[in-house]
Amino acid sequence: MPSQTTPGPGGLHDKDPKSKRDRFIPIMEEIRPMVARRIEAADGDPMARLFTGPRGGRISTAVLRDATHWDEVVTMLGYEHLRRHDLRHTGLTWMADAGIPLHTLRMIAGHGDLATTQRYLHTDHRRLKSAGEALNRFLTGPWSPDGPQDSIL
């Protein structure tokens, strides 16, 4: 089943995923009923689209941008250079911050290589500062080189 529609010579084209594999994606509990209704409405058609354009068919990049008011929203928020693909980086980073293992993120993203998934993850400065504070607490705590040693052996 095609996974996306992209613009190309002569119009829109359906593309299979780069990995050529099906993937399983977690769906937030709040939107599961809507997704289930759309799947039911497909009436068993394996080529049915989960989301369609305003007249039923494919969703082009322009239609998606207009339907979400993307340009206006990112301008209002002061993120004029934000691309929709950046949200993929944000989502994967949030999942990593939530403790989801890297190998699971790789499968969700559909990446063939863990290195690709790692390029999507962006640790913010607060997490880096927190890591430094945790190391400092460890090194100055009871397990530090200067702390009590009798509990180690």
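The table that follows gives values for the structure above.
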{"item": "In the stretch 117-151, residue modelled with the lowest pLDDT [restricted to those that are over 30 Å from Leu87 (Cα atoms) and either of a type in the set (D, E, K, R) or under 23 Å from the mean Cα position of the chain (by Cα) (or both)]", "result": "Asp150"}
{"item": "Test: residue in the stretch 76-96 that is among the β-branched types (Val, Ile, Thr) and either touching a strand residue (DSSP E or B) at 6+ places or on another chain (Cβ under 7 Å) or under 30 Å from Ala131 (Cα atoms) (or both)", "result": "yes"}
{"item": "Selection within the stretch 19-46 - more than 19 Å from Arg58 (Cα to Cα) and at pLDDT below 75", "result": "Ser19, Lys20, Arg21, Asp22, Arg23"}
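For (1) of a type in the set (A, V, I, L, M); (2) within 23 Å of Thr6 (Cβ to Cβ), each residue gets a yes or a no:
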position	(1), (2)
Glu29	no, no
Met34	yes, no
Ile39	yes, no
Arg49	no, yes
Gly53	no, yes
Leu64	yes, yes
Thr68	no, yes
Thr75	no, no
Arg84	no, yes
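The values are calculated or read from the model by the stated rules, or taken from the named source; none is laboratory data. Note that this is a predicted model, so its numbers are computed, not measured. When we count neighbours, we look across all protein chains shown, and the Cβ atoms used for this are built from the backbone with ideal geometry, even at glycine.
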